[in-house]
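Here is the structure we will look at.
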Amino acid sequence: MGAERAGDERETPARRRGQGELEAQVLSALGGASEPVTATWVLERLDGGLSYSTVITILTRLHAKQAVTRSGPGRPVLWQPVANEADLAALRMRRLLDKQSDRDAVLSSFVSVLSSHDEELLRSLLAESGPGDSAAPHAPADRPEG
């Protein structure tokens, strides 16, 4: 009763996925499809014992973020990617930045922790885009538009 059983190993709890990890996995699966696919198709390509409802939830969230499209109201609902994993990560980064009151400080801190390779790549990308080539420019609040 109080004795240990030989080979008594406790079941390890399931690893909690990082924020956006499931979305990235779903986008990756969708990216491998040659045409719009069902949620069941996506589920079959994901490992990790996910439920159908979890896949639907992730697809619905991706749809709200405009990262995937879905077919009309008919059945079955078909899904396809609009954005790839890199696009989705960039969108998340942009949304986080948009929530900050001191964008300059956030960007400065971000750049200060980049590797030299990433910093050089960022400089190159900024040089290629040219001045004023922002995807969604933000006018300073204290500057009148017009």
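Residues are listed down the side, and each one gets a yes or a no for (1) touching a Leu at 6+ places or on another chain (Cβ under 9 Å); (2) in the same structural domain as Val111 (by TED's automatic domain parsing):
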site: Leu27; (1), (2): yes, no
site: Gly31; (1), (2): no, no
site: Lys65; (1), (2): yes, no
site: Val68; (1), (2): yes, no
site: Ser71; (1), (2): yes, no
site: Leu97; (1), (2): yes, yes
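Given (1) small (Gly, Ala, Ser); (2) modelled with pLDDT of 80 or more; (3) more than 23 Å from Pro36 (Cα to Cα), where does Ala139 come up short, assuming only one miss?
Failed condition: (2).
Here's a check for you: in the stretch 66-80, which residue that is free of Cβ contacts under 8 Å to residues at least 40 places away in the same chain and closer than 26 Å to Arg92 by Cβ is surrounded by the fewest Cβ atoms within 10 Å (Cβ to Cβ)?
Gln66
The values are calculated or read from the model by the stated rules, or taken from the named source; none is laboratory data. Source: prediction; values computed, not measured. Backbone-built Cβ (ideal geometry, glycine too); neighbour counts: all protein chains shown.
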